[in-house]
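**Q** My structure is below; once you've seen it, I'll send some questions.
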Amino acid sequence: MKTDAEKFYTERKQLLRFTIDALNYLPALRELWRKNLEFHPKMKILDVGCGTGALTKTLYEVSRQIQVTPIKFCAFDLTQTLLNEFQRWIVKKNQADVNIIKADVRKIEDEAPIYWRNFDLVCSSGVLGYLEERELKTALWKIRTRIKDGGRLIVMESREHWLNRILIQKLYKANLYGKEKFADMLHQAGFRNIRYWQFPKLYSYLNLWGYIAVAEK
């Protein structure tokens with residue numbers, strides 16, 4: 001049986017594509033990585049709830065532009081329709097360094113390969129809001145076990161305000177977790193040095209939608 005999020009994105013894949021395109025989300029992510037992230041050879045990156053691959057695609061593109069290779073990318077999502085689209089991009093790019101599977105973040109210990117560990121970076125965008133608070137706390141702890149000591153977690157989630165109550169809660173059927181509440185859950189899961197990035201100036205309107213939480217193991 002499909003989960004609510006899986007059913008939603010299976011039926012409304014076009015809505016996701018429209019939102020990503022309308023907000024210029026991919027160019028914004030590329031600029032975010034260029035300005036804030038240090039890449040290094042043999043880096044391992046995990047994309048949690050990858051969807052059609054926005055985070056992985058832009059991380060891959062920037063790493064190639066600055067000529068930092070090889071980097072190993074792993075990604076998972078629970079919606080096969082989105083994974084199929086992501087897989088077409090992987091085939092087109094002929095990329096053996098990008099591996100994707102169907103898995104649920106709530107069951108990562110069972111559904112993700114045991115060797116998917118010691119990641120330098122784990123990232124997620126607009127996914128963890130589909131978990132209830134108890135599930136989210138558990139998921140953050142499970143995600144932390146996949147990160148190497150000193151590794152980093154980057155999470156992009158929706159801010160809690162009236163517009164997102166309409167767009168995110170009503171339209172996208174996701175929960176809203178404010179910055180302070182989310183930071184508290186990160187602390188409870190054992191993360192440290194929690195801070196926040198901003199989307200680059202040209203795409204600053206995205207800061208009205210969400211926050212970017214950065215934490216270390």
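The values are calculated or read from the model by the stated rules, or taken from the named source; none is laboratory data. Every value quoted in this text rests on a predicted model; they were computed, and no experiment measured them. A quick note on method: Cβ atoms are made from the backbone with ideal geometry, for glycine too, and the neighbour counts reach across all protein chains shown.
**Q** For segment 123-148, how many residues are in a strand (DSSP E or B) and under 22 Å from L16 (Cα atoms)? Explain how you work it out, then say what you get.
**A** Going residue by residue through segment 123-148, those that are in a strand (DSSP E or B) are 123-125, 147-148.
From the residues that got through so far, the ones that are under 22 Å from L16 (Cα atoms) too are 123-125.
The total comes to 3.
**Q** Then there's this: Could you please give the count of residues in segment 41-56 that are without any contact (Cβ under 8 Å) to a residue 40 or more places away in the chain and over 19 Å from W116 (Cβ atoms)?
**A** 2
**Q** Next question, about the same structure. Out of the residues in segment 92-105 that are part of a helix (DSSP H, G or I) and at pLDDT below 95, which is nearest to D47 (Cα to Cα)? Break it down into steps so the answer makes sense when it comes.
**A** Of all residues in segment 92-105, those part of a helix (DSSP H, G or I) come to 92-93, 105.
When the remaining residues are screened for being at pLDDT below 95, the result is 92-93.
Details: K92: 19, K93: 18 Å.
Here the residue is K93.
**Q** Taking segment 174-188, which residues are surrounded by fewer than 15 Cβ atoms within 10 Å (Cβ to Cβ) and either touching a helix residue (DSSP H, G or I) at 6+ places or on another chain (Cβ under 9 Å) or closer than 19 Å to T145 by Cβ (or both)? Give the steps one after another, and end with the answer.
**A** Applying the first criterion (surrounded by fewer than 15 Cβ atoms within 10 Å (Cβ to Cβ)) to segment 174-188 yields 178, 180-181, 184, 187-188.
The answer is K181, H187, Q188.
**Q** Which condition number in (1) outside any helix (DSSP H, G or I); (2) in contact with a Lys or Arg (Cβ under 7 Å, 6 or more places away or on another chain) is the one that W89 fails?
**A** Among (1) outside any helix (DSSP H, G or I); (2) in contact with a Lys or Arg (Cβ under 7 Å, 6 or more places away or on another chain), the lone unmet condition for W89 is (1).
**Q** Considering segment 149-173 alone, what residues qualify as being under 17 Å from C123 (Cβ atoms) and surrounded by 14 or more Cβ atoms within 10 Å (Cβ to Cβ)?
**A** So in segment 149-173, the residues under 17 Å from C123 (Cβ atoms) come out as 150-158.
Within segment 149-173, G151, R152, L153, I154, V155, M156, E157, S158 qualify.
**Q** In segment 194-216, how many are of a type outside the set (S, T, Y) and assigned to a strand (DSSP E or B)?
**A** 9
**Q** Pull up segment 1-18, narrow it to residues that are surrounded by 15 or more Cβ atoms within 10 Å (Cβ to Cβ) and not basic (K, R), then point me to the one that is farthest from S63 (Cα to Cα).
**A** Start the filter on segment 1-18 by keeping residues that are surrounded by 15 or more Cβ atoms within 10 Å (Cβ to Cβ), which leaves 5-6, 8-9, 12-13, 16.
Okay, now just the ones that are also not basic (K, R), so 5-6, 8-9, 16.
Details: A5: 31, E6: 30, F8: 32, Y9: 29, L16: 25 Å.
Here the answer is F8.
**Q** Touching a residue at least 24 places away in the same chain (Cβ under 8 Å), aliphatic (A, V, I, L, M), in a helix (DSSP H, G or I) and within 22 Å of L16 (Cβ to Cβ) - does that describe any residue in segment 174-193?
**A** Taking segment 174-193 as the starting set, the residues that turn out to be touching a residue at least 24 places away in the same chain (Cβ under 8 Å) are 174-177, 179, 182-183, 185-186, 188-192.
Adding the requirement that they be aliphatic (A, V, I, L, M) leaves 174, 176, 183, 185-186, 189.
After this cut, where a residue has to be in a helix (DSSP H, G or I) as well, the list is 183, 185-186.
Keeping just the survivors that are within 22 Å of L16 (Cβ to Cβ) gives none.
No, segment 174-193 contains no residue that is touching a residue at least 24 places away in the same chain (Cβ under 8 Å), aliphatic (A, V, I, L, M), in a helix (DSSP H, G or I) and within 22 Å of L16 (Cβ to Cβ).
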